[in-house]
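Comments concern the structure below.
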Amino acid sequence: MPAFFHHLSEVLYQVLECVGVNPWVVDRRRHTFLHREAAWDVHDHQNGRDTTNFHFGSQSEGTTTPGLQSDTDLLYTHNGFNIMYSWADWQRGKENMLMVREEGTPPQHYLLQWIDSVVPQPITHIHHPAFVTDSQGRVFYSNMAVVRVWAEVCGDRHLRRGPSNSGSEDCDNVSAFYCTTLLPEIMSWFTKMQDGYWPSQETLKAARMCGCFLVPVGHHGSMNESIEWRITPNLIERLLMFSLKMVPIKCLVVLKMLKKEEFIKHVHCENCKFTSFHCKTALFFTMNKTPPTVWTKSRLIECIVRCLQTILEFLNQGKCPHFIVEEVDLFDGKLCRACQLSLEQAIQGMIQDDMHVLFHLQSDDLGQRLMALPHEVRPYPGDDVNAGICGKLARDMFRLYLLHVRLVCSRLCNSAEADVITSLNNEINILESLAVNARTTQYDKNYMKFIVKCLMSVKASVTSSSCIQSGDPLPQDIWQLYGESLDTDVASSKLKLASMHYCRGELQRAASVLNEVEFDLDDSVQLVCGCKRKPFKDELSEAFCEYTVQNDSHEQLTKKLAFCVRFLREEKFCAPRFLWCEMYRAVGDDVDHRDHNERQWMDWAEVDARPFLLYLQYLTYRGLGVRHRQLEAFYRLKDIVTSQDKMNQLYHRETVANLYGHCCELEGDVQRALHAYSTSVRNIPRNNAANWHKQRLEQMLNNN
């Protein structure tokens, strides 16, 4: 290897530290995605689904950077099914499926035959689109059943990539079955690994406790493609990845960058693709045959070259074996021979050119950072890229949590109004009982504690709304509910409390709460919403990102988050009357133009915390007769609405514009109010309450 590789390796190692490939960020990524797994598990349990969820891939492994733009992979298993490798695995009362291999079944694939749950014998007659009956009367479960469900839910947004289905480009969802048996294809791997340098005996021992998944995808071109299921040892692979130290992790990240920017130029066929999994496989094989003494900071580039040489071996022989299921060729169906030869020439050129290609990598400005003087390479964790990663991980985790709160509320709203409190109590009781279960992890408990607080806020508001409507006094325990829910974040629950005081005519109390929120809602606070909308300018504040670097617990993070304020129809008497229009925003056939997510929240009022604070201050100080504070709130709200940059950072722009329009009406400026509503309609023409307000004002002006 060239002598300068040692110095360049040291610089490359440090540069990668600065773009998020360091022990600190890798650990943060892994813990965040374990939190997300727990959230999905509890959420599914709440909804009566017996599933277990796993995050796999680059994001959860910590082998990515912002520039690589890796998507999120979620695999969920159906625990109600018993996957039988042999008849000895049959279980009474379970939905049993027998793994079947026949002559001609491709490697890594099985058919799943339906077996009776009462007696251990095959089911021979069933009429359901999820099942296929062959000429022998055997009933097999079709892998297309999952595809049909996703296609129905997502409609035109449905995307299918291999075994994954999703409604967006940035997330892959895989429905799978879990097999506890260590299959022969995998058992042989343990024997083969005994002679290599890696993995360690401790890792292999832990791997023996892992089963495998069957995912819904057949072998391309197979006669039974629609009923074949592919085995995948994801848990073993994750165990292997989690056992890696930083040099191999950095090596893999660089391979991915090279793959993204250099390899792809040499793939000429539309259907051919050299993937990150190919890179990971090359790393695994290279580590297995390379002494541990090689994997050091000063030999990082040598390690990268060794991995490239492993890829060259695969390309030369025209086959990329799976590291664990060896008979599987990972080039099959992914990379034709012509593209393999092109890639071979490209990789040889990189190696012969002493890896100067590294200076031209654009991902995360890696090439420019490499060419910078050593003292210009900033250390972590204070580097802005690392802070940005932490901020995004925190925000996205709470977006998921708020999405789950929204889904619970959506389910509650399907109940009769009188049953909403009962349903809320049931949800809270389920979560609290789960929290004391011996098998509940700390990840589960953090999530459940947060959801319970959010539901308590809803319960307090629903109860208060009913009392305000009927003129009854508030029950004494209502203050305990409000008190226990106020620290969900810095603003939303407190704003709902202030709104309740306003609607009860308790203006001084409302003003006191609003002053507290105003003090906490500084520039370091990040707005977050669970409506699955994204702002046009979906950016994180620098102050918030810097805060998340050193503060990553749930309790610490909620001190710098402000969630959108939500009022269900059952809470409407705790909301200013003008907001009621947001709960009935549809005009004509608008409802038909809502997507799957919008149908779950557009019958509620939702508004971003900062502008709602100003709107409530305007109303409250108007009622108190404190004109200078009223005008201060009005002009600050106007500043938001008239700034395109600030509006682009909001989730519910049309509602904010409508609140400003109402303030203009109260100021007696009907023309400015009409302009605000008209602008709101131009930007969002459907499912916008501004249509009602615009029509109302136009009619009033015509009558005058």
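Numerical summary
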read-out: All positions within segment 319-340 that are out of contact with any Cys (no Cβ under 8 Å at 6 or more places or on another chain), farther than 23 Å from M193 by Cβ and surrounded by 14 or more Cβ atoms within 10 Å (Cβ to Cβ); value: D332, G333, Q340
read-out: Selection from segment 139-197 of residues that are assigned to a helix (DSSP H, G or I), closer than 21 Å to N79 by Cα and not aliphatic (A, V, I, L, M); value: R148, W150
read-out: Neighbours by Cβ (under 9 Å, 6+ apart or cross-chain): first from segment 429-457, modelled with pLDDT of 90 or more; second not in a helix (DSSP H, G or I) and not basic (K, R); value: M448/T440; C454/F563
read-out: Residues located in segment 436-462, provided they are open to solvent by 30 Å² or more (accessible area, probe 1.4 Å) and either in a helix (DSSP H, G or I) or of a type outside the set (A, V, I, L, M, F, W, C) (or both); value: N437, R439, T441, Q442, Y443, K445, N446, K449, K453, K459
read-out: Residue list for segment 586-609, filter: over 25 Å from the mean Cα position of the chain (by Cα) and buried (at least 24 other Cβ atoms within 10 Å of the Cβ); value: none
read-out: Contacts under 9 angstrom Cβ, first residue in segment 134-153 being in contact (Cβ under 8 Å) with a residue 24 or more places away in the chain and of a type in the set (K, R), partner open to solvent by 40 Å² or more (accessible area, probe 1.4 Å) and part of a strand (DSSP E or B), 6 or more apart; value: R138/P122
read-out: Candidate set from segment 498-534 (those that are closer than 30 Å to G471 by Cα and assigned to a loop (DSSP other than H, G, I, E, B)); member that is least open to solvent (accessible area, probe 1.4 Å); value: E506
read-out: Hits in segment 1-23 - residues which are under 19 Å from D552 (Cα atoms) and open to solvent by 40 Å² or more (accessible area, probe 1.4 Å); value: P23
read-out: Every pair of residues 6+ apart whose Cβ atoms lie under 7 Å, when the first sits in segment 346-370 and is among the β-branched types (V, I, T) while the second is modelled with pLDDT of 95 or more and open to solvent by 20 Å² or more (accessible area, probe 1.4 Å); value: I347/L312
read-out: Filtered residues of segment 361-378 (kept if open to solvent by less than 100 Å² (accessible area, probe 1.4 Å) and either at pLDDT 90 or above or assigned to a helix (DSSP H, G or I) (or both)); value: L361, S363, D364, D365, L366, G367, R369, L370, P374
read-out: Flag if K250 is among the basic types (K, R), modelled with pLDDT of 90 or more and open to solvent by less than 70 Å² (accessible area, probe 1.4 Å); value: yes
read-out: Options Y197, Y110; residue that is over 30 Å from the mean Cα position of the chain (by Cα), of a type in the set (F, W, Y) and surrounded by fewer than 17 Cβ atoms within 10 Å (Cβ to Cβ); value: Y197
read-out: Yes/no for R566 being surrounded by fewer than 20 Cβ atoms within 10 Å (Cβ to Cβ) and either assigned to a helix (DSSP H, G or I) or modelled with pLDDT of 95 or more (or both); value: no
read-out: Selection from segment 605-624 of residues that are part of a strand (DSSP E or B) and β-branched (V, I, T); value: V607
read-out: Positions within segment 463-489 being in contact (Cβ under 8 Å) with a residue 60 or more places away in the chain and surrounded by fewer than 23 Cβ atoms within 10 Å (Cβ to Cβ), in sequence order; value: S465, S466, I468, Q469, D487
read-out: Search result, residues across segment 48-89 that are open to solvent by 50 Å² or more (accessible area, probe 1.4 Å) and farther than 30 Å from T32 by Cα; value: Y85, W87, A88
read-out: Conditions (1) closer than 17 Å to M350 by Cα; (2) crowded, with 22+ Cβ neighbours inside 10 Å; (3) in contact (Cβ under 8 Å) with a residue 60 or more places away in the chain; (4) among the β-branched types (V, I, T); number of the one not met by V267; value: (2)
read-out: Residue satisfying all of: in segment 314-354; assigned to a helix (DSSP H, G or I) and either modelled with pLDDT under 90 or touching a Gly at 6+ places or on another chain (Cβ under 8 Å) (or both); farthest from M257 (Cα to Cα) among these; value: R337
read-out: Residue count for segment 392-423, restricted to those that are farther than 28 Å from T32 by Cα and either part of a helix (DSSP H, G or I) or at pLDDT 85 or above (or both); value: 8
read-out: Which numbered condition P216 fails, given (1) surrounded by 17 or more Cβ atoms within 10 Å (Cβ to Cβ); (2) touching a Lys or Arg at 6+ places or on another chain (Cβ under 6 Å); value: (2)
read-out: Test: residue in segment 24-41 that is more than 24 Å from F398 (Cβ to Cβ), open to solvent by 30 Å² or more (accessible area, probe 1.4 Å) and among the acidic types (D, E); value: no
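Quick grid of which residues meet (1) surrounded by fewer than 16 Cβ atoms within 10 Å (Cβ to Cβ); (2) in contact with a strand residue (DSSP E or B) (Cβ under 8 Å, 6 or more places away or on another chain); (3) touching a residue at least 40 places away in the same chain (Cβ under 8 Å):
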position: Y651; (1), (2), (3): no, yes, yes
position: R686; (1), (2), (3): no, no, yes
position: K694; (1), (2), (3): no, no, no
position: M700; (1), (2), (3): yes, no, no
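The values are calculated or read from the model by the stated rules, or taken from the named source; none is laboratory data. Source: prediction; values computed, not measured. Every residue, glycine among them, receives a Cβ derived from its backbone with ideal geometry; neighbour counts consider all protein chains shown. The protein model used for the area step is the full one, side chains on, heavy atoms only, and it has no ligands, DNA or RNA in it. Shrake-Rupley method; radii C 1.70, N 1.55, O 1.52, S 1.80 Å.
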